[in-house]
Amino acid sequence: MMMKTTTSRLLRFYLLGDLLVILLSLIQGGEWLLNTQIAFVCSLLITLASFRSYHTFVTRRVDAGLIPDDKFDKYYEDDQEEDDEKENVTPRVAKVGFKQSFQNLALSYKSALSLYRILSYGVLFLAVLFLIRHDNLDAIAFFVGLSVVPLSSFLSVLFVKKGLNETNE
């Protein structure tokens, strides 16, 4: 349920960002509109494919019991009252070495190389070839269209965080 709420909230931010780009594209001309919208759709496909593959990866690991308990449970604010009797312990930050990084890569290669992600990058590649073939590629417009999804994601995090801070006060 939480994933659907998060996804729908992000999609609203993406569509709002795309609406702003459409308005900019209408001022710039038809070629801009074509480039930004093709790039936006490709960027959105890549993002959704990545989201789906990592969600599937985490769900499978949780179902298999391979995700350990949270080491930092005792440091959360909700447990603060219970921990007042205990002595204050400063958490140690473990450094991640080469071996741990390689193990993480080995475990997550399936999600990094999922069929959905590969196909969505293939669509991006074919879209660029299509625009080049028809002499319609405007690199700046294409980059603007590609940047809508990452910038909207960044801004949504800022707005959601700000909203959470205001409700907590």
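Only the coordinates and a few stated rules stand behind these numbers; no lab work does. These figures come from a predicted structure and were not determined experimentally. Backbone-built Cβ (ideal geometry, glycine too); neighbour counts: all protein chains shown.
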Each label sits 7 Å from Cα toward the beta-carbon; between Val58 and Phe154 the label points are separated, in nm, by 2.2 nm
With each pseudo-label sitting 7 Å past Cα toward Cβ, what's the Asn136-Ser8 distance in nm, one decimal?
3.4 nm
Pseudo-spin-label distance Ser50 to Gln28, built 7 Å along Cα→Cβ, given in nm, is 2.1 nm
